[in-house]
Amino acid sequence: MRTAYSVETVRAAERELMARLPEGALMQRAAAGLAALCAGLLRRVYGARVVLLVGPGDNGGDALYAGARLARRGAGVTAVPMDPERVHTGGLRALLAAGGRVERGVPGRADLVLDGLVGIGGRGGLRPAAAALVERIPAGAVVVAVDLPSGVDADTGEVAGAAVRADVTVTFGAYKPGLLIDPGASRTGALRLVDIGLSLPEPDAEALQHADVAALLPEPEASSDKYRRGVVGIVAGSVQYPGAAVLAVAGALRGGAGAVRYVGPAADAVLARYPETLIGRGRVQAWVVGPGLGEGRAAEVAQALADPVPVLVDADGLRGLDPRVLRARPAETLLTPHAGEAAALLGVDRQSVESARLSSVRSLAAQYGATALLKGSTTLVSHGGGPVRVNPTGTPWLATAGSGDVLSGLAGSLLASGLPARDAASAAAYLHGLAGRRAASGAPLLAQQIAESLPEAWRGIRRP
């Protein structure tokens with residue numbers, strides 16, 4: 001599992017460690033790891049052209065000390081300060097002693113560029129002087145961000161204006177939430193962590209990996225029957241949107257529950273595609289309500305919420321939800337909005353959600369007393385307490401009609417199998433993203449293909 005920590009938490013851990021180390025030792029640890037990773041990215045270090053974009057703080061110092069190490073191995077290293085009057089003194093001295101040089105302008109050619117302009121404390125976008133240097137990064141150079149790409153908010157992933165787009169980000173001590181959450185995550189490139197010995201408390205965010213999800217997925221025992229494995233009820237579809245019902249059922253059938261029960265006007269379409277579906281109301285262990293319902297179906301949403309079992313609410317079911325009703329429920333509720341639906345639930349505009357996804361998903365969970373899964377380029381899951389889960393799988397091709405219906409059915413089935421809402425949402429998002437990536441293989445895909453790829457994604461996770 002990748003765990004991410006806020007700037008305040010990382011800074012506190014750094015201060016505690018620095019108090020026990022010789023002065024400058026922590027920066028040297030970071031610089032050594034950074035230099036080693038940069039050396040691995042170059043075909044050969046001797047003779048390589050390396051450019052350092054240097055800010056005035058410790059981030060610039062890390063870049064300078066790493067550059068000095070590369071210079072001692074024969075690289076031609078040029079430092080370009082954002083402000084020549086404010087450069088880390090020790091780092092600059094080390095670079096010059098190793099044979100590096102300082103220039104005011106960015107060279108026109110480079111094999112590797114180190115972005116050491118702004119550290120994890122940066123807020124509010126790049127200053128004009130820094131943005132001007134970023135614009136002059138030579139084409140074809142490998143761009144390595146020091147700790148995080150300059151211009152990305154370390155705590156939230158927000159990007160206000162210009163920001164570095166890195167090929168690799170080398171971060172120190174711990175991942176930061178902004179490296180895992182879009183729009184910042186789309187600028188990090190490959191993530192590499194350098195362990196500098198920090199002692200850290202509970203994380204602010206976490207991203208599950210294969211082994212974590214494998215441990216969550218239900219597996220039937222020899223004594224299991226379809227009812228013991230759980231029955232998920234699907235209230236979805238309408239005359240206008242019968243396909244939503246079919247796709248939600250498709251996701252549910254592949255989600256680990258023993259049976260799927262469908263309630264709605266699209267029964268013929270569902271049975272034609274999936275004859276194993278049960279039709280009509282009956283006892284269930286969880287409900288999925290909302291995909292393709294259309295307008296005027298609030299009574300069906302209310303009926304599902306009145307049942308004392310976990311309920312997943314999606315799409316049209318999210319309209320007009322009363323937080324008081326959800327807070328009073330004896331069982332868990334899982335909300336799965338996209339940004340527009342989340343904005344309506346929070347009473348803000350869509351851009352406010354898109355630009356601040358981490359705070360938005362936390363607000364949803366807190367205001368509605370539910371687990372919230374905020375869909376998007378980075379899907380986030382918040383339970384109202386503890387770390388927000390960041391889904392690392394997926395592909396932009398998942399932005400297609402019906403994709404969310406498959407996800408709802410899958411997550412609902414995992415709920416019915418007995419997983420808590422936070423785990424069901426996290427595992428479903430992970431499987432869904434993995435299945436979408438496998439199905440797309442770099443080309444457009446249909447939502448039905450996501451459902452069809454779920455078994456292989458499931459097997460791939462469980463395979464040792």
With respect to residue 116, is the statement that it is within 34 Å of the chain's Cα centre (by Cα) and open to solvent by 50 Å² or more (accessible area, probe 1.4 Å) true? no
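Which of the residues spanning region 278-296 are surrounded by fewer than 20 Cβ atoms within 10 Å (Cβ to Cβ) and either closer than 21 Å to residue 338 by Cβ or free of Cβ contacts under 8 Å to residues at least 40 places away in the same chain (or both)?
Within region 278-296, 279, 280, 294, 295, 296 qualify.
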Would you mind listing the strands (runs of 3 or more DSSP E) fully within region 165-209 where at least 1 residues are within 16 Å of residue 121 (Cβ to Cβ) and touching a Gly at 6+ places or on another chain (Cβ under 8 Å)? 168-172
Can you tell me how many residues in region 7-48 are within 17 Å of residue 62 (Cα to Cα), open to solvent by 20 Å² or more (accessible area, probe 1.4 Å), touching a residue at least 12 places away in the same chain (Cβ under 8 Å) and in contact with a Leu (Cβ under 7 Å, 6 or more places away or on another chain)? 1
Suppose we filter region 191-207 for residues that are open to solvent by less than 40 Å² (accessible area, probe 1.4 Å) and in contact with a Ser or Thr (Cβ under 6 Å, 6 or more places away or on another chain); how many remain? 3
Number of the exception - residue 115 against (1) more than 23 Å from residue 152 (Cβ to Cβ); (2) touching a Pro at 6+ places or on another chain (Cβ under 8 Å): (1)
Residue by residue through region 257-277, note down the ones that are among the aliphatic types (A, V, I, L, M), touching a Gly at 6+ places or on another chain (Cβ under 9 Å) and at pLDDT 95 or above. 259, 260, 263, 266, 267, 269, 270
For residue 380, which of the numbered conditions (1) at pLDDT 95 or above; (2) over 23 Å from residue 152 (Cα atoms); (3) of a type outside the set (Ser, Thr, Tyr) fails to hold? (2)
Somewhere in region 143-151, is a residue modelled with pLDDT of 95 or more, open to solvent by 10 Å² or more (accessible area, probe 1.4 Å) and acidic (Asp, Glu)? yes
Restricting the search to region 304-344, which residues are on the phi > 0 side of the Ramachandran plot and buried (at least 20 other Cβ atoms within 10 Å of the Cβ)? 315
Among the listed residues 346, 326, which satisfies the condition of being modelled with pLDDT of 95 or more, of a type in the set (A, V, I, L, M) and within 18 Å of residue 289 (Cβ to Cβ)? 326
Quick one: how many residues across region 167-190 are open to solvent by 10 Å² or more (accessible area, probe 1.4 Å) and of a type in the set (A, V, I, L, M)? 4
Based on this model, can you work out whether residue 74 counts as open to solvent by 10 Å² or more (accessible area, probe 1.4 Å) and either at pLDDT below 95 or within 21 Å of residue 197 (Cβ to Cβ) (or both)? no
Take the conditions among the β-branched types (Val, Ile, Thr) and closer than 25 Å to residue 378 by Cα and apply them to residue 263. Does it pass? no
Unique match (being polar (S, T, N, Q) and within 23 Å of residue 286 (Cα to Cα)) among 453, 417: 417
In region 93-113, which residues are open to solvent by 60 Å² or more (accessible area, probe 1.4 Å), charged (D, E, K, R) and touching a residue at least 12 places away in the same chain (Cβ under 8 Å)? 101, 103, 104, 109
If we take region 1-81, then strands (runs of 3 or more DSSP E) inside it with 2 or more residues that are more than 24 Å from residue 155 (Cβ to Cβ) and among the small types (Gly, Ala, Ser) are 76-81
Options 214, 129; residue that is in a helix (DSSP H, G or I), open to solvent by 10 Å² or more (accessible area, probe 1.4 Å), without any contact (Cβ under 8 Å) to a residue 60 or more places away in the chain and more than 24 Å from residue 362 (Cβ to Cβ): 129
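The values are calculated or read from the model by the stated rules, or taken from the named source; none is laboratory data. Predicted model only: the values in this text are computed from it and were never measured. Positions of Cβ are backbone-derived with ideal geometry, glycine not excepted, and every protein chain shown enters the neighbour counts. Heads up: the accessible areas ignore ligands, DNA and RNA and are worked out on the full protein's heavy atoms, side chains in. Shrake-Rupley method; radii C 1.70, N 1.55, O 1.52, S 1.80 Å.
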